[in-house]
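Asker: Okay, handing you the structure first.
The values are calculated or read from the model by the stated rules, or taken from the named source; none is laboratory data. Please read these numbers as outputs of a predicted model, since none were measured by experiment. For neighbour counting, all protein chains shown are included, and Cβ atoms are generated from backbone atoms with ideal geometry for every residue, glycine included. Just so you know, the surface numbers come from the protein's heavy atoms only, side chains and all, with ligands and any DNA or RNA stripped out. Shrake-Rupley method; radii C 1.70, N 1.55, O 1.52, S 1.80 Å.
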Amino acid sequence: MRSPMMDELAGLDPARHVRAPGGPHDPELRAVLAADRTARARYAPPRRPVRPVVVAGAAAFGVAAVAVGVTLSSTLGATPAYATWTPVPVTVDAAEAAEQAGSCPVAAHAITDGDDPQVTEVPLTPVLAETRGDYTYVVLAGDDAYGDCFVTAVPDGGEDVFTSDAAEAPLAEPDARGLVVAQGGTASWSGGEAGEGAVTSVFGRAGAEVESVTVASADGELVEATVSDGWFAAWAPGQDAFAATAQVTYTDGSTADVPLG
């Protein structure tokens, strides 16, 4: 049943006499196509010249500029951790080592066993010191005790100092071509607000015929250790452990892979 309301609405359709979808024989369609459309074009809004290449190029540069700006702000806004660190150290002589160790601890701490444990101090003296950029690393030793000290120069002329120590059983003496590790692993000394992040280090005793020691980081970078007065030490930024063996060069020029353990 047709609704009177629908008939009235259909009568309002201006295209009610056009047969859908509209063919070339529809008189209404021919009339539309033949109409003069000059007036319509005359009142069209003026078009601005379009230069697709220039516009596209400007848009691309704008995106690139934003991206570079973000990169530069994140890169320049914060100094990269251990930016001046080098895989090859500068060895510090004994007098300078003592001076640079002035901020380092002078004793290791031991806790005695028993019903009333006591903390005792074992004097330490520097046995090795090296610098890598703005960072000084000092190894200290005493009677059945050892420690290390990490000193960072800061822009205001001061320094940040991070230390660790241990008073344990006597450290074994290495054979002439061997290494004995006193301590190795990742330290979080510099992990706080004042520091630049964790470091991985290893130090210990070196035999009399050991000329140089090179360790490898997890990403394959070779780190040259400092060897001085029967001790060796190396450190690198980050938490990745050193390889299990070190390449040792002896005073006679020969080399060997020696376990670090």
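Asker: Just to confirm my filter: which strands (runs of 3 or more DSSP E) fall fully inside the range 123-229 and include at least 1 residues that are closer than 22 Å to Gly102 by Cα?
Answerer: On the way: elements: 125-132, 135-142, 145-153, 159-167, 179-187, 199-206, 210-216, 222-224, 226-228.
Counting at least 1 such residues, we get 125-132, 135-142, 145-153, 159-167, 179-187, 199-206, 226-228.
Asker: Could we say that Glu193 is open to solvent by 30 Å² or more (accessible area, probe 1.4 Å), modelled with pLDDT under 90 and under 20 Å from the mean Cα position of the chain (by Cα) here?
Answerer: Yes.
Asker: Could you tell me how many of the residues in the range 230-261 are assigned to a loop (DSSP other than H, G, I, E, B) and acidic (Asp, Glu)?
Answerer: Taking the range 230-261 first, the residues assigned to a loop (DSSP other than H, G, I, E, B) are 230, 238-244, 251-254, 260-261.
Remaining after also requiring acidic (Asp, Glu): 240, 252.
The qualifying residues number 2.
Asker: Would you tally the residues in the range 214-234 being more than 18 Å from the chain's Cα centre (by Cα) and of a type in the set (D, E, K, R)? Give the steps one after another, and end with the answer.
Answerer: Applying the first criterion (more than 18 Å from the chain's Cα centre (by Cα)) to the range 214-234 yields 214-215, 224-234.
Retained after the next criterion (residues that are of a type in the set (D, E, K, R)): 224, 229.
Residues that pass the stated criteria total 2.
Asker: Another question, if that's okay. Would you check which residues across the range 98-122 are outside any strand (DSSP E or B) and either crowded, with 16+ Cβ neighbours inside 10 Å or in contact (Cβ under 8 Å) with a residue 40 or more places away in the chain (or both) and list them?
Answerer: Gln100, Ala101, Ser103, Cys104, Pro105, listed by residue number.
Asker: Answer with yes or no whether Val181 is under 24 Å from Ala236 (Cα atoms) and either modelled with pLDDT under 90 or out of contact with any Cys (no Cβ under 8 Å at 6 or more places or on another chain) (or both). Spell out how you get there, then give the answer.
Answerer: Working: under 24 Å from Ala236 (Cα atoms): yes; either modelled with pLDDT under 90 or out of contact with any Cys (no Cβ under 8 Å at 6 or more places or on another chain) (or both): yes.
Taking the combined requirement at face value, the residue satisfies it.
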